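I have a structure I would like to understand better, so I am pasting it below and will then ask my questions one at a time.
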Amino acid sequence: MERTLIGELGAHKGETVTIKGWVDVRRDQGKLVFFDFRDRSGVVQGVVLPGSPAMEAAKEIRNEFVVEVEGKVNTRPEKNAQAGKVNGDIELEVLGITVLSPADSLPFEVDAELNLDTYLNNLPLTLRTEKGRSIFRVQAAIIEGYRKALRTLGFTEFQAPALVGGDAEGGAGTFTVDYYYDQKAFLATSPQLYKQIMVGVLERVFTTPKVFRGEKSATTRHLSEYSSLDFEMGFIKDHTDVMTTLEAAVRGMVAQVTETHPQVYALFGTEAPLIPEKIPVVKLREAQQILGVSTDEPDLEPEHERALCEWAKKEHGSDFVFVTHYPVSKRPFYTYEDEQDPGFTKSFDLLFRGIEITSGGQRVHNYEVLVEKMRAKGLDPEKFAFYLQAFKYGMPPHGGIGMGLERFTARLLNLPNVKEATLFPRDLNRIDVLLSTDETPN
Ligand code: AMO
């Protein structure tokens, strides 16, 4: 019999159907055996009644067995119906079960509160839980929303290289790769140079590459490999045009999640984020004054980011806040210095529910100034000759942003550690499995 998706069973009340999927849960209740069956479209309760020809098979089947089930779609008595739940008003009376693939007994209760290492060590299994499935469906919706919003604004998607000859970010740890002819190459820390070059080609571009950072500190916000949602746009007035575009992208990302997964915020004990008509903007020095910290500091510490977000929520009803005008010393060579505020840049970070999720700003577009800025940061312009061609041959005023997809996902879903919002996280201590802890990686 043709397969019916579990999410569509409601339209087949009274009919006998075949479903295919996994055993989410098996519950033995005396003479009855209950199952929750799961496929890509949903979950349904199945019941094997006493005397059913499926009873013998049902006794052998455990969680995560892959099965084909023939059953009759019954309407549940009203007192047993679960209002508001998909398939809450139906139950599948199991008539026959075929095992397509057995499963070992599970090493632990997958839905229990697992410690993070256990959860991460067993991702092929733990990702199958409602939590795991929801996080990565939401992540797919976030990317979808990002793409849609930018395409609407005339941006073209491009693919950035992962193997590069040097580091654009200056300071970000790089991973070295053995390349041909005894040369060293690096894993890209960002698509920065390429997206700027592409402004000279297509004017408005975006890309969503994996980028690589050798982060030696084990924190709840740092990954060695993350997905960077980048865009870059030409013909801007200044960094505020970039901020306006970023706001539109963020609205699109949140809207896509809210429309396609309206229940997900409750599942993670949170709410859709507050985005007022205009996200509040403060200069770094204003933020420091609000927080009562020295304006000599070149950046905000994590606890300051948290406190500033609390301020933005209280004063402006916003889960987001922009911080602009970081000092020249703190930003990469390509950042545009504000003529009206010397020593400070037309750059910004966007903070979301306590942490920085995006950096961006206006870029230097004048060839001579760019070469000078490189030298001032101790970089050799010769090494950037390839990139500099874009500026030799006519580059409009431009700017853009880079956003950490995993950080955005984690804040949206109230996940304390960015690793929970990363499908297969790589960090100081882990590539899929924990690395030896006998020696410090170098
Ligand atoms: P930056 O280095 O600030 O800027 O990175 C931009 C955003 O990327 C995310 N991020 C990370 N996420 C997880 N683990 C990490 N180790 C990590 N490092 C950074 C953060 C951060 O806000 N080229 C510029 C962007 C630009 O100006 O367009 C850049 O890469 O969310």
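Where the centroid of each part is defined by its Cα atoms, how far is the range 5-28 from the range 30-93 in Å?
About 7 Å separates the Cα centre of the range 5-28 from the one of the range 30-93.
Which value in Å does the Kirkwood hydrodynamic radius of the range 6-101 take, with 1/r averaged over all unlike C-alpha pairs and then inverted? Walk me through the numbers before you get to the answer.
Values: mean 1/r = 0.0765 Å⁻¹.
Taking the inverse mean of 1/r over all distinct Cα pairs, the range 6-101 comes out at 13.1 Å.
For the Cα atoms of the chain, what angle does the longest principal axis make with the long axis of helix 302-316, in degrees from 0 to 90, nearest 10?
Approximately 80 degrees, to the nearest ten.
Sticking with this structure for a sec: Any idea of the accessible area per residue across the range 79-207, 1.4 Å probe, to the nearest Å²? Mind dumping the intermediate values first?
Values: 7060 Å² over 129 residues.
Accessible surface, normalised per residue, equals 55 Å².
Let me ask you something else. Within the chain, what's the longest stretch lacking GluC sites (Glu not before Pro) that sit in DSSP loops with no more than 13 other Cβ atoms inside 10 Å? Please list the in-between numbers first.
Numbers: sites that count: Glu2, Glu15, Glu109, Glu113, Glu271, Glu277, Glu339, Glu439.
Excluding the exposed sites themselves, the longest stretch runs over 114-270.
Give the angle, between 0 and 90 degrees and rounded to the nearest 10, that separates the Cα long axis of helix 130-152 from the longest principal axis of the Cα atoms of the chain.
50 degrees
With +1 on each Lys and Arg Cβ and -1 on each Asp and Glu Cβ, how big is the dipole of the chain about its Cα centre, in debye rounded to the nearest 20? Let's see the in-between values first.
Working: 51 positive and 65 negative charges, 135 e Å.
It comes to approximately 660 debye.
Only helical DSSP H runs with n ≥ 4 go in: add -39500 (n - 2.57) per run for the chain, normalise by residue count and round the 222 nm mean residue ellipticity to 500 deg cm²/dmol.
Values: 12 runs with 125 residues, N = 442.
Taking each H run of at least 4 residues, the total per residue is -8500 deg cm²/dmol.
How long are the three semi-axes of the equivalent ellipsoid for the range 264-413, computed from the Cα gyration tensor as the root of 5 times each eigenvalue, in whole Å, largest first?
Value: 32, 18, 13 Å, ordered largest first.
If contacts are Cα pairs under 8 angstrom and at least 6 residues apart, what is the relative contact order of the chain in percent? Present the calculation step by step, with values, prior to reporting the outcome.
Details: 828 pairs, mean separation 55.6, N = 442.
Normalised by residue count, the contact order of the chain is 13 percent.
Can you sort Phe231, Phe158, Phe344 by solvent-accessible area, 1.4 Å probe, largest first?
Highest to lowest solvent-accessible surface, that is Phe344, Phe158, Phe231.
Treating the angle as unsigned and between 0 and 90°, give the value, to the nearest 10°, between the Cα long axis of helix 239-260 and the longest Cα principal axis of the chain.
In the chain, helix 239-260 runs at an angle near 0 degrees to the longest axis.
Could I ask something else about it? Ranked by accessible surface with a 1.4 Å probe, highest first, in what order do His325, His365 come? If you can, show how the numbers build up before the last one.
Details: His325 10, His365 50 Å².
Largest to smallest exposure gives the sequence His365, His325.
How many angstrom lie between the C-alpha centres of the range 299-365 and the range 130-209?
Centre-to-centre (Cα) distance: 21 Å.
Still on this structure: With a 1.4 Å probe and all protein chains left in place, how much of the accessible area of the chain comes from carbon and sulfur atoms, in whole percent? Present the calculation step by step, with values, prior to reporting the outcome.
Values: 10910 of 21750 Å².
C and S fraction of accessible area: 50 percent.
Where a ≥ b ≥ c are the square roots of the eigenvalues of the C-alpha gyration tensor, would you call the chain rounded, which needs a/c under 1.5, or, failing that, prolate if a/b is larger than b/c, or oblate?
Values: a/c = 2.39, a/b = 2.06, b/c = 1.16.
It comes out prolate by the Cα gyration axes.
The values are calculated or read from the model by the stated rules, or taken from the named source; none is laboratory data. No experiment lies behind these values; they were computed from the predicted model shown. Note that each Cβ is placed from the backbone with ideal geometry, even for glycine, and that neighbours are counted across all protein chains shown. Just the protein is used for accessible areas: all its heavy atoms, side chains included, with ligands, DNA and RNA removed. Shrake-Rupley method; radii C 1.70, N 1.55, O 1.52, S 1.80 Å.
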